[in-house]
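Working notes, beginning with the structure itself.
The values are calculated or read from the model by the stated rules, or taken from the named source; none is laboratory data. Quick caveat, the model's predicted, so the values are computed rather than measured. Here the Cβ is made from the backbone with ideal geometry for all residues, glycine too, and neighbour counts use every protein chain on show. Heads up: the accessible areas ignore ligands, DNA and RNA and are worked out on the full protein's heavy atoms, side chains in. Shrake-Rupley method; radii C 1.70, N 1.55, O 1.52, S 1.80 Å.
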Amino acid sequence: MGNSGSAVKVCTDHQGGINWLSLSPDGQRLLTGSEDGTARLWSTADSQCHGHFQGHESYITFCHLENEAAFTCSADHTIRKWDVVTGQCLAIYRGHTSIVNRILVAKDYLFSGSYDRTARCWSVDKEKQIQEFRGHRNCVLTLAHYSSRDVLEEEEEEEEEEEKVSRDLLVTGSTDCTVKVWWVSSGRCYQTLLGHTGAVLCLILDAPNRELFSGSTDYTIRTWNIVTGEQLKVFKEHQGSVICLELVNRHLYSGSADRTVKCWFVDTGERIQTYKAHKHSVSTLKYHAGILFTGSGDACARAFNSRSGVLQKIFRGHKFIINCIQIHNELLYTASHDGTLRIWDIRGMCKRNKRRLKKERPGQGRSSQRGSLSRLFNNKVGCMVQQENGE
């Protein structure tokens, strides 16, 4: 059994549940987006709120933080860009006709996915829509982005001459059970990946290895070749919807509504570990220093030894589902639908695990995109997917 942990700080400024938590690239700030229709900016140095972004006309579904600007999307059908210093709204992106549930910032692009069945591309610096991606038969839940330069050989690039103006591609996952890959420059669908029989809830991309991983309500994870569209493997052991994914050094971690996380060796498809002890769906997960941190619908965060699967600590204090977690300077940040941001000290745990990691082969990088989709656990949106397990 793991030891219980107590939060070193509880931030209660929001007046509604927190749906997402984003960490700036430089690690100096955190951004929370809430059911109260506002976003708040927090300093990781003193854990104080240093910004309050108001203007959305409905709840914020997702948020993204850069070093100089913050982005929020909302059920009011819009996306907003904010100055992190002044709190001023710098731009409002209008065009979606339903809830905007996901945004992604890459290069000079801002991508968005919506319940209006479209994804869109915007100029980060202007309130201008650059492209619309239309073809899904139901809402777009999750996004990923890459450049063909990352995956295509020179001779393959020549075959795509018409797309040479821009080699950027957008990947979208939808409740229509498909994943689509789009050329950003033209809006043309490059691939439709067929195989899932349930909504696609999360995506994770490994561009150097030409692989895409998708998790679904059909209880499976599927691996795809993002150049050919070929389905490579199907991971089938979960007994509930696959809600979130994390890829670390060719190890894939999957969190599910079956109350477990599983670790898979990507190269063989072998399931090498199962992390139990959750009393509800696993809504979010993050790997750090040999430790797998999870957040659950049972209102607890947990820390597992990633190799042995042993539960090392339970973080109790939240009252409702933990929607998102971040880690910085050996502090764990958990954001919950109870409206609080809690901060936990994990220095001792990290120190112990780093001793073990010194004996292991150095890491080869990781992907940190997750698709935990906190709205899965909220009845406000009719097309959200029902959880398999009871309270």
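Suppose we keep only residues that are without any contact (Cβ under 8 Å) to a residue 24 or more places away in the chain and assigned to a loop (DSSP other than H, G, I, E, B) within the range 229-238. Which one would you say is farthest from TYR190 (Cα to Cα)? Before the answer, list the steps.
Taking the range 229-238 first, the residues without any contact (Cβ under 8 Å) to a residue 24 or more places away in the chain are 230, 232, 236.
Filter once more, keeping what is assigned to a loop (DSSP other than H, G, I, E, B): 230, 236.
Values: GLU230: 13, LYS236: 27 Å.
Only one residue tops the list, namely LYS236.
When restricted to residues that are in contact with a Phe, Trp or Tyr (Cβ under 9 Å, 6 or more places away or on another chain) and open to solvent by less than 20 Å² (accessible area, probe 1.4 Å), the range 125-140 contains 3.
The single condition from (1) surrounded by fewer than 16 Cβ atoms within 10 Å (Cβ to Cβ); (2) part of a strand (DSSP E or B); (3) among the charged types (D, E, K, R) that LYS279 fails is (2).
Before we move on, is ARG102 in contact (Cβ under 8 Å) with a residue 40 or more places away in the chain, open to solvent by 30 Å² or more (accessible area, probe 1.4 Å) and either in contact with a strand residue (DSSP E or B) (Cβ under 6 Å, 6 or more places away or on another chain) or closer than 21 Å to LEU31 by Cα (or both)?
Values: in contact (Cβ under 8 Å) with a residue 40 or more places away in the chain: yes; open to solvent by 30 Å² or more (accessible area, probe 1.4 Å): no; either in contact with a strand residue (DSSP E or B) (Cβ under 6 Å, 6 or more places away or on another chain) or closer than 21 Å to LEU31 by Cα (or both): yes.
Considered against the rule, which asks whether it is in contact (Cβ under 8 Å) with a residue 40 or more places away in the chain, open to solvent by 30 Å² or more (accessible area, probe 1.4 Å) and either in contact with a strand residue (DSSP E or B) (Cβ under 6 Å, 6 or more places away or on another chain) or closer than 21 Å to LEU31 by Cα (or both), ARG102 comes out as no.
Against the numbered list (1) crowded, with 17+ Cβ neighbours inside 10 Å; (2) touching a helix residue (DSSP H, G or I) at 6+ places or on another chain (Cβ under 7 Å), TYR287 comes up short only at (2). When ASN323, ASN329 are checked against the criterion of being touching a residue at least 40 places away in the same chain (Cβ under 8 Å) and open to solvent by 10 Å² or more (accessible area, probe 1.4 Å), ASN329 stands alone in meeting it.
Taking the range 175-195 as the range and being over 21 Å from the mean Cα position of the chain (by Cα) and surrounded by fewer than 21 Cβ atoms within 10 Å (Cβ to Cβ) as the test, the residues that pass are SER185, SER186, GLY187, ARG188, CYS189, TYR190, GLN191, THR192, LEU194, GLY195.
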